[in-house]
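Heads up: the structure comes next, in structure tokens.
The values are calculated or read from the model by the stated rules, or taken from the named source; none is laboratory data. Just so it is clear, the model here is predicted, and its values are computed rather than measured. In this analysis, Cβ positions are derived from the backbone assuming ideal geometry, glycine residues included, and neighbour counts consider all displayed protein chains.
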Ligand SMILES: [Zn+2]
Ligand SMILES: [Zn+2]
């Protein structure tokens with residue numbers, strides 16, 4: 001059994017056929033889904049999905065590229081949504097230096113503010129980075145130092161779609177964070193297989209980031225959670241483990257991070 005730890009099932013791309021997408025995922029052994037919002041509107045949409053599908057859970061927060069509508073009031077509204085029993089994280093939050101749609105200073109400030117919110121709510125975070133891993137690690141480290149009681153002894157968050165090096169991954173593990181890997185781990189030019197060989201399985205999860213980042217051999221098409229086993233098989237081959245081991249450990253990590261009931 002797998003958990004897709006990061007899929008944006010509220011996207012337009014799934015409007016026509018989400019029941020079929022969920023059914024195909026179940027056939028592939030993917031029965032639970034973490035759906036991270038990107039702003040207040042998509043947070044509300046993610047909660048509608050939570051109320052409709054038993055296997056769907058949500059994260060609520062402001063994505064660094066979605067700050068045009070950011071305001072203190074809207075963050076308060078997002079914060080109020082955390083009372084929903086299926087809100088399992090604050091996310092996705094973070095920093096993105098690849099696109100220039102949000103001022104960098106504002107991104108860092110909003111990221112720090114949402115980390116503090118997560119600490120206050122004792123929720124984990126889902127962190128997005130692009131060309132910004134080290135800055136994001138530094139800000140996360142400050143949040144941990146400022147809030148030592150934030151989920152002490154249980155994972156504090158995940159750096160999703162991890163693209164840093166093995167040292168940065170180990171730094172994150174030391175701070176109580178996991179890292180997760182989507183479809184690009186199947187790409188020929190990916191640097192992640194080498195990173196994976198250095199960090200092993202213990203602190204990782206699998207994700208699709210659907211509808212984006214489709215793995216080989218479906219690259220170029222819409223991504224969906226039923227492709228999680230492709231990513232898990234690739235990681236199993238890289239590490240020389242049976243795919244069942246990858247399933248068991250990544251599922252257990254997601255259960256601990258998001259506080260989900262243990263699978264049988
Ligand atoms: Zn992301
Ligand atoms: Zn995402």
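Could you please find all residues in segment 172-214 being in a loop (DSSP other than H, G, I, E, B) and either touching a residue at least 40 places away in the same chain (Cβ under 8 Å) or within 16 Å of ligand 1 (Cβ to nearest atom) (or both)? Explain how you work it out, then say what you get.
Initially, segment 172-214 is screened for residues in a loop (DSSP other than H, G, I, E, B), giving 175-176, 182, 187-191, 200-203, 207-209, 211-214.
If the condition is that a residue be in a loop (DSSP other than H, G, I, E, B) and either touching a residue at least 40 places away in the same chain (Cβ under 8 Å) or within 16 Å of ligand 1 (Cβ to nearest atom) (or both), then 182, 201, 202, 203, 207, 208, 209, 211, 212, 213, 214 are the ones that fit.
Among (1) surrounded by 14 or more Cβ atoms within 10 Å (Cβ to Cβ); (2) farther than 17 Å from residue 11 by Cα; (3) more than 16 Å from the chain's Cα centre (by Cα); (4) more than 14 Å from ligand 1 (Cβ to nearest atom), where does residue 80 come up short?
(1)
State the number of residues belonging to segment 222-264 that are part of a loop (DSSP other than H, G, I, E, B) and at pLDDT 95 or above.
Filtering segment 222-264 for residues part of a loop (DSSP other than H, G, I, E, B) gives 222-224, 240-242, 259-264.
Restricting the remaining residues to those that are at pLDDT 95 or above gives 222-224, 240-242, 259-260.
So the count comes out to 8.
Are there any pairs, at least 6 apart or on different chains, whose C-beta atoms fall under 7 Å, with the first in segment 43-55 and farther than 19 Å from residue 77 by Cα and the second surrounded by 17 or more Cβ atoms within 10 Å (Cβ to Cβ), and if so, which?
Close Cβ pairs satisfying both conditions: 53/22; 55/31; 55/32; 55/33.
Where residues in segment 63-109 are touching a helix residue (DSSP H, G or I) at 6+ places or on another chain (Cβ under 8 Å), farther than 21 Å from residue 33 by Cβ and assigned to a loop (DSSP other than H, G, I, E, B), which of them is modelled with the lowest pLDDT?
Ranking the qualifying residues of segment 63-109, first place goes to 69.
Considering (1) more than 16 Å from ligand 1 (Cβ to nearest atom); (2) part of a helix (DSSP H, G or I); (3) out of contact with any strand residue (DSSP E or B) (no Cβ under 6 Å at 6 or more places or on another chain), say which one residue 50 fails and leave the rest.
Evaluating residue 50 over (1) more than 16 Å from ligand 1 (Cβ to nearest atom); (2) part of a helix (DSSP H, G or I); (3) out of contact with any strand residue (DSSP E or B) (no Cβ under 6 Å at 6 or more places or on another chain) leaves (3) as the failure.
For segment 216-229, name all the residues that are out of contact with any strand residue (DSSP E or B) (no Cβ under 7 Å at 6 or more places or on another chain) and surrounded by fewer than 21 Cβ atoms within 10 Å (Cβ to Cβ). Walk me through it before giving the result.
Pass one, segment 216-229, residues out of contact with any strand residue (DSSP E or B) (no Cβ under 7 Å at 6 or more places or on another chain): 216-222, 227.
Of everything in segment 216-229, those that are out of contact with any strand residue (DSSP E or B) (no Cβ under 7 Å at 6 or more places or on another chain) and surrounded by fewer than 21 Cβ atoms within 10 Å (Cβ to Cβ) turn out to be 216, 217, 218, 219, 220, 221, 222.
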